[in-house]
């Protein structure tokens, strides 16, 4: 007789990745049918309801929800013990031991020359980031869902103190050779990167890596930095910092489509610097990220290599639509720019034009569509899809089974912070498809923990067409649509 | 200036542990913050207050002001002369309160004070006078004074006078009566009143003569030495008391007092390990008052309790009190007393914690940890935890066992709200029935909800 | 035992190049210095704990240092030794060294802050370096005890300051470049080569750019103070040059 247990615990916060790991462990326990341990954000409450759990009224984002359906009481008891054990994994300290600091400010009291990496839930990021600035320390804000006025305030304070605020929603940075957030281990080199786009930066970094070129630093500035409201505050500051760095010979600025006036301000600032600046500002008529990287290589006098790729299975059936399922917003943008040119309007949750907006959770109407699973509304209280690919994997299975689909386009991002084996997660689903073709771009560097070559091979063996250039992958996907 | 291009760099992480682990896997020097969400409902106010452009400099200034004060003992005077009190005006500990809501020990002390002043013959008769307002009540803090436990001050009591030589500001505190059945714990028997009369007749004038003959005594310097001698200046003042006695002894001996009186004074002071508390407290208040009224500062300048309410005042919010119900301390009980006998937290003595002493300096006073029910490890952990909620470290109060690190100084309202870590106070416990006296000693915190209230007021002033 | 460290990019070629024999120049609780190969000049690689001062030629490890063996090898991706225990140290990443950037001299602030600091070198020798002659440089090279003689620290500070403030260091540069290898210890010569390239310990930067040498003065016994003294000399000269 199956039993169900739903419990909310006020005031016991844990981060979403930890909770995902706890959920995974509990779900894997013997006799457990379904389980989810998560903070009660709207998105998670939806998921829990969708899993058939009845939630107590008034459950909110500060409540920890433990929901388990098990085959009997004994299995449930075991599952709850697993939850308790997993959540108590925080190290116990003896009475003479020092406890870990509770705020960024406390941690920085005993630290010189540090960077603060803040990934607490967005509404709480401001306090931790301000702690860093108060301690004359640069800060990277990985958190998303930070209000724009808070971003502006932080960046203004940083400017007064000569500091840099990377983010909010900064997914990627490389500082002192450390890949922070979703990032890569890269060789040291002459290119300094300023990126308002995490996955855009990752694509450029990995292509440079494939060409044997290293970086002095990659400074993410957050997806909104080049908006009219934020006005490139961090971009301009980061460009100046790289300009004064004797180790940086060339600055590359990478962004999603920026506000026109802001793009102009960036160009004007670049003209004042002693270090040459290459702008890779994605937009209609501008070069894609691969083309921009090739220009950088040419600037440096480095030969442009053939970007690694492996062939896959052609599409079958009568489907006509292109379905892009992305974990990287900029990769999604770049693919849309390329596909819109060739195939016409692309529906999306981050559309190129407002009229192409679609709700990513509504039933699909059969149009060409590209979804960014890393967008704020799909990540509230959940790990990023690069860490927890389950939402996207479900969508891949659904799109693959839908006869209207001709090609599924994916990005597979490797590196630090990302899932340890994303290809392994995707491959069985891809291999099970019998209609649509799968085109995947693997974004990864030579020294990444996942082993880029092996990941490419796994996808290839599952039948996917595998690229390392997202632009090349998007073009190939369009070829497959048009070839029908 | 940015450090991102200055070579290798350490990483401090708050949030997703995966990201800390990823940095560690790249041989980065990583410090993890054990982050928890702030107290419920405080998010917007935190953003407003932390975003206040005045805050950083205001708090730095508050800290400079507090640590810059030298508290000098300059005189001993009757409260009538020091504070301008008459027999119909009485001061008490904690935030403002009227007779109706006053707790047992405060009522007991007030009744005793009225009898001590001679306003009534039978202490019980004073209740009506307090209830009607015929005798006025006002917090010590409103008069530059502080009082331990009930903190009751009336015109005939003698007061220590502490002065900041730079500004000429003064603070005051009564003389300590000792332990057990004493007025400040709410006892008002004839024996209690007799002792008070002796203190006014003999002790006060003797100390006045001695202080005037000796000249100003640096109380801050004694506090700094105490912290290195096992005192935390709230529940343990043994070293401080003896140092004071050492300083005053020559002047006392040569004051011309009859030898019998002298012997009594020495026996009384030397026999009361808490005697110096009443100097530590006004010295702390003198320092903290220097930070009052700094716009934008989130530093707590007073914590106190009246046996019913716990109140705090903050540098950036003027004289406004933020109050909530005082909690009952946890600790050890004298004799047969138990938790059911204890009154909620009472007294102005939490001014010591506010200034980086008492519970904040527990690591310096391992000898008392068992008295308040704990271990030496707990004492170290207590002090270390308080660094989480303070703005800085006291430059003069150095804790030997922490490698002479200064005690945690300057409670920051925003840090309390963010971490949920509450100031740790060492305290005595009064019996809840008027007339009982002391029933124990232990540890207590303020009620958590007063800090969000203070934060809200700070936010409204941005 | 395998330790993954973070290496300065200056030693990338040593670590990833062919294996070479290395000998221990010195070892302490926070540092092991290895002389690598038999080339001229002699290359030095330092293995440091995370709380040690970041020399540009270091591999930094977040663990207690293992006991060094009498014989080690550097290259083929690692530092290795087999005795007294098997140790392999690899680089999980490379960090760029702290490098001096163009800056305005702040002699006044520097002078006030380092006024009383003991530099370990007679001040007349330092003042003589102000004439920027080869002889003055030679008088300081290798002067003082230890692995990094204080005279070399003064020279390094002066070279770093001269680069940042745009001051012509005259024959001092050439003299150091030509003779350091023979005139001083291998480690000190290595650090002077870094200084010639504008590479330094990060504590130099706040002193050099903002006149705040507090962190620099805490480096070593007198090393930081000697570096700061060299910086101050460069700052004073360049201010005088600008005024004239």
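The values are calculated or read from the model by the stated rules, or taken from the named source; none is laboratory data. Quantities reported herein were computed from a predicted structural model and do not represent experimental measurements. Using ideal geometry, Cβ is built from the backbone for each residue, glycine included, and neighbour counts are taken over all protein chains shown.
Worth a mention:
- Of all residues in region A:26-53, those that are surrounded by 14 or more Cβ atoms within 10 Å (Cβ to Cβ) and out of contact with any strand residue (DSSP E or B) (no Cβ under 9 Å at 6 or more places or on another chain) total 2.
- Among the conditions (1) closer than 23 Å to residue A:107 by Cβ; (2) away from chain A (no Cβ under 14 Å); (3) in contact (Cβ under 8 Å) with a residue 24 or more places away in the chain, the only one that residue B:404 does not satisfy is (3).
- Residues of region C:190-202 that are under 13 Å from residue C:43 (Cβ atoms) and in contact with a strand residue (DSSP E or B) (Cβ under 8 Å, 6 or more places away or on another chain): C:190, C:194.
- Set A:288, A:299: member being in contact (Cβ under 8 Å) with a residue 40 or more places away in the chain, out of contact with any helix residue (DSSP H, G or I) (no Cβ under 7 Å at 6 or more places or on another chain) and either surrounded by fewer than 19 Cβ atoms within 10 Å (Cβ to Cβ) or over 23 Å from residue A:164 (Cβ atoms) (or both): A:299
- Residue check: residue C:227 meets all listed conditions (1) away from chain B (no Cβ under 14 Å); (2) surrounded by fewer than 22 Cβ atoms within 10 Å (Cβ to Cβ) but one, namely (2).
- Take the conditions (1) part of a helix (DSSP H, G or I); (2) at pLDDT 90 or above; (3) touching a strand residue (DSSP E or B) at 6+ places or on another chain (Cβ under 7 Å); (4) surrounded by fewer than 23 Cβ atoms within 10 Å (Cβ to Cβ); residue A:156 misses just one of them, which is (3).
- Qualifying helices (runs of 4 or more DSSP H) (wholly inside region A:396-484; at least 3 residues being in the same structural domain as residue A:371 (by TED's automatic domain parsing), closer than 25 Å to residue A:287 by Cα and more than 18 Å from the chain's Cα centre (by Cα)): A:470-482
- Region C:33-47, subset closer than 15 Å to residue C:180 by Cα and touching a residue at least 12 places away in the same chain (Cβ under 8 Å), residue surrounded by the most Cβ atoms within 10 Å (Cβ to Cβ): C:44
- Residues of region A:159-181 satisfying the condition of being within 9 Å of another protein chain (Cβ to nearest Cβ), touching a helix residue (DSSP H, G or I) at 6+ places or on another chain (Cβ under 9 Å) and assigned to a loop (DSSP other than H, G, I, E, B): A:161, A:162, A:163, A:164, A:177
- Being within 17 Å of the chain's Cα centre (by Cα) and farther than 27 Å from residue B:8 by Cβ is a condition met by at least one residue of region C:183-194.
- Residue A:221 being away from every other protein chain (no Cβ under 14 Å) and under 25 Å from residue A:337 (Cβ atoms): no
- Odd one out for residue A:150, checked against (1) crowded, with 24+ Cβ neighbours inside 10 Å; (2) free of Cβ contacts under 8 Å to residues at least 40 places away in the same chain; (3) not in a loop (DSSP other than H, G, I, E, B): (1)
- Here residue C:89 meets each of (1) within 13 Å of chain B (Cβ to nearest Cβ); (2) more than 23 Å from residue C:204 (Cα to Cα); (3) surrounded by fewer than 22 Cβ atoms within 10 Å (Cβ to Cβ) with one exception, condition (3).
- Answer residue from region C:92-120, given it is assigned to a loop (DSSP other than H, G, I, E, B) and without any contact (Cβ under 8 Å) to a residue 12 or more places away in the chain and is surrounded by the fewest Cβ atoms within 10 Å (Cβ to Cβ) among those: C:116
- Candidate set: region A:131-142, residues that are within 24 Å of the chain's Cα centre (by Cα) and at the interface with chain B (Cβ under 8 Å from one of its Cβ atoms); chosen: the one surrounded by the most Cβ atoms within 10 Å (Cβ to Cβ): A:142
- Residues located in region B:1-42, provided they are at the interface with chain A (Cβ under 7 Å from one of its Cβ atoms) and assigned to a strand (DSSP E or B): B:10, B:11, B:12, B:13, B:14, B:31, B:32, B:33
- Across region A:183-207, the number of residues qualifying as more than 9 Å from every other protein chain (Cβ to nearest Cβ) and buried (at least 24 other Cβ atoms within 10 Å of the Cβ) comes to 17.
- Filter result (part of a helix (DSSP H, G or I) and either more than 7 Å from chain A (Cβ to nearest Cβ) or out of contact with any helix residue (DSSP H, G or I) (no Cβ under 7 Å at 6 or more places or on another chain) (or both)) within region B:43-53: B:44, B:45, B:48, B:49
- A single entry from A:383, A:314 fulfils the requirement of being within 21 Å of residue A:460 (Cα to Cα), touching a helix residue (DSSP H, G or I) at 6+ places or on another chain (Cβ under 9 Å) and modelled with pLDDT under 95: A:314.
- 1 or more residues surrounded by fewer than 19 Cβ atoms within 10 Å (Cβ to Cβ) and assigned by TED's automatic domain parsing to the domain that holds residue B:300: qualifying strands (runs of 3 or more DSSP E) within region B:378-462: B:390-399, B:405-411
- Residue in region C:54-72 that is farthest from the other protein chains (Cβ to nearest Cβ), counting only those that are over 26 Å from residue A:178 (Cα atoms) and in contact with a strand residue (DSSP E or B) (Cβ under 6 Å, 6 or more places away or on another chain): C:69
- Pick from region A:117-130, criterion touching a strand residue (DSSP E or B) at 6+ places or on another chain (Cβ under 6 Å) and over 16 Å from residue B:56 (Cβ atoms), ranking: surrounded by the fewest Cβ atoms within 10 Å (Cβ to Cβ): A:120
- For region B:236-268, the tally of residues that are surrounded by 17 or more Cβ atoms within 10 Å (Cβ to Cβ) and more than 19 Å from residue B:225 (Cα to Cα) stands at 8.
- Checked against the criterion of being farther than 17 Å from residue B:411 by Cβ, at pLDDT below 95 and in contact with a helix residue (DSSP H, G or I) (Cβ under 7 Å, 6 or more places away or on another chain), region B:273-280 contains one or more residues that satisfy it.
- Any chance residue C:206 is touching a strand residue (DSSP E or B) at 6+ places or on another chain (Cβ under 6 Å), farther than 18 Å from residue C:149 by Cα and within 14 Å of chain B (Cβ to nearest Cβ): no
- Any hit, region A:280-291, residues being outside the structural domain of residue A:455 (by TED's automatic domain parsing) and farther than 28 Å from residue A:352 by Cβ: no
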